[in-house]
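The values are calculated or read from the model by the stated rules, or taken from the named source; none is laboratory data. Keep in mind the model is a prediction, meaning the values are calculated, not measured. Counting neighbours? That spans all protein chains shown, and the Cβs are built from the backbone with ideal geometry, glycine included. Heavy atoms of the whole protein, side chains included, go into the accessibility calculation; ligands, DNA and RNA do not. Shrake-Rupley method; radii C 1.70, N 1.55, O 1.52, S 1.80 Å.
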Amino acid sequence: MTKKKILVVPDPTLRKVSEPVKEVNSEIKNLMDDMLETMYAAPGIGLAAVQIGVLKRVIVIDLSKADEKKTPLFIINPEITFRSKDLISYEEGCLSIPNQFAEVKRPSSCKVNYLDYEGRNNEINADGLLATCIQHEIDHLNGVLFIDHLSKLKKDLILKKTEKQKKEINRVVV
Ligand code: K1U
Ligand code: ZN
């Protein structure tokens, strides 16, 4: 398992649409292992392959707390088959937009079909934070970021703050 570098906005790769996985083989399993290591190290509760520069429809999620047993979810080629009409608002973050958070409204529950780590077909009924996280990660597979759900004003402010933060880090490092 290798910890990978996470791409940060405005990296154009983050805006690309990821390709479906044709076969769940050792290459895909290695990718999922690397993604999990990268997500735990960040730390985060989810990660899409595109965030480490791999344009494949692969997601990892783990909502367990630091003092709990790890419960990773490996989600390949997800398809949302149901979205509730009722929405919930959650203060979302994104490892590709470091240190920025904003309230985003999404369907409060959803049903998702996917392939698991062993390439078996599976279905999940998600609600609460899991539903929010799955939808955030599926957005990544389609080149969509949580800031795209905000007003232009809020989105531009977050992008400006991220740019400023990057410049400050570079100034300290150089
Ligand atoms: O996709 C990502 O960039 C990961 C992102 C997932 C996410 C968070 C919140 C709502 C929806 C999706 C993160 O993990 S940001 C970091 C974070 O939320 C967190 C980090 C440590 C402990 C608990 C949460
Ligand atoms: Zn994200």
(request) Output ³J(HN,Hα) for the range 88-102: one whole-Hz value per residue in order, computed from phi by the Karplus curve 6.51 cos²θ - 1.76 cosθ + 1.60 with θ = phi - 60°, and x for Gly and Pro. (result) 10, 9, 9, 7, 8, x, 8, 5, 8, 9, x, 6, 10, 9, 7
(message) Accessible area per residue for the chain in Å², computed with a 1.4 Å probe and the full protein assembly in place, what is it?
(response) 57
(request) Hey, can you grab everything whose amide H is under 5 Å from the amide H of S108? Only 5+ residues off in sequence or another chain; H modelled, so Pro and N-termini drop out. (result) S84, D86, L87, I88
(request) Counting other Cβ atoms within 10 Å, keep those with at most 16, restrict to DSSP loop, and tell me which trypsin sites (Lys or Arg not before Pro) in the range 1-39 are left. (result) K3, K5, K16, K22
(request) Go through the range 42-48 residue by residue and turn each phi into a ³J(HN,Hα) via Karplus (6.51, -1.76, 1.60, θ = phi - 60°); whole Hz please, and just put x for glycine and proline. (result) 4, x, x, 10, x, 7, 9
(request) Pull up all non-local amide H partners of G53: gap of 5 or more, or a different chain, and H-to-H distance under 5 Å with H placed in the peptide plane. (result) L7
(request) For the chain, evaluate the Debye formula with one uniform point scatterer on each Cα (no solvent term) and list log10 I(q)/I(0) at q = 0.13 Å⁻¹, rounded to two decimals. (result) -0.65
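Show me the GluC sites (Glu not before Pro) within the range 2-48 that DSSP assigns to loop and that have at most 11 other Cβ atoms within 10 Å of their Cβ.
On the way: sites: E23, E27, E37; in loops: E23.
Sites meeting the loop and neighbour criteria: E23.
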(request) Among the listed pairs K105/K152; K4/K70; K3/K70; K3/K65; K85/K155; K4/K56, give every one whose C-alpha distance is greater than 23 Å. (result) K85/K155
(message) Can you give me the % of accessible surface on the range 47-132 that is carbon or sulfur? Probe 1.4 Å, all protein chains present, nothing else counted.
(response) 48
(request) Find how many whole Å separate the alpha carbon centroid of the range 138-174 from the alpha carbon centroid of the range 5-41. (result) 19
(message) About the Cα centre, and with charges only on the beta carbon of Lys, Arg (+1) and Asp, Glu (-1), how big is the dipole of the chain? Nearest 20 debye, please.
(response) 700
(request) Show that you can apply the helix-only estimate: for the chain, add -39,500 (n - 2.57) for every DSSP H stretch of four or more residues, divide by all residues, and state [θ] at 222 nm to the nearest 500. (result) -10000 deg cm²/dmol
(request) Using DSSP to define loop residues, name the chymotrypsin sites (Phe, Trp or Tyr not before Pro) in the range 69-174 whose beta-carbon has at most 14 other beta-carbon atoms within 10 Å. (result) F101
(request) Name the residues whose placed amide hydrogens come within less than 5 Å of the amide hydrogen of E19, ignoring near sequence neighbours (fewer than 5 apart) on the same chain. (result) K56, R57
(request) Read phi for every residue in the range 126-136 and hand back ³J(HN,Hα) as whole Hz from Karplus 6.51 cos²θ - 1.76 cosθ + 1.60, θ = phi - 60°, with x for Gly and Pro. (result) 10, 9, x, 4, 4, 4, 4, 5, 4, 5, 4
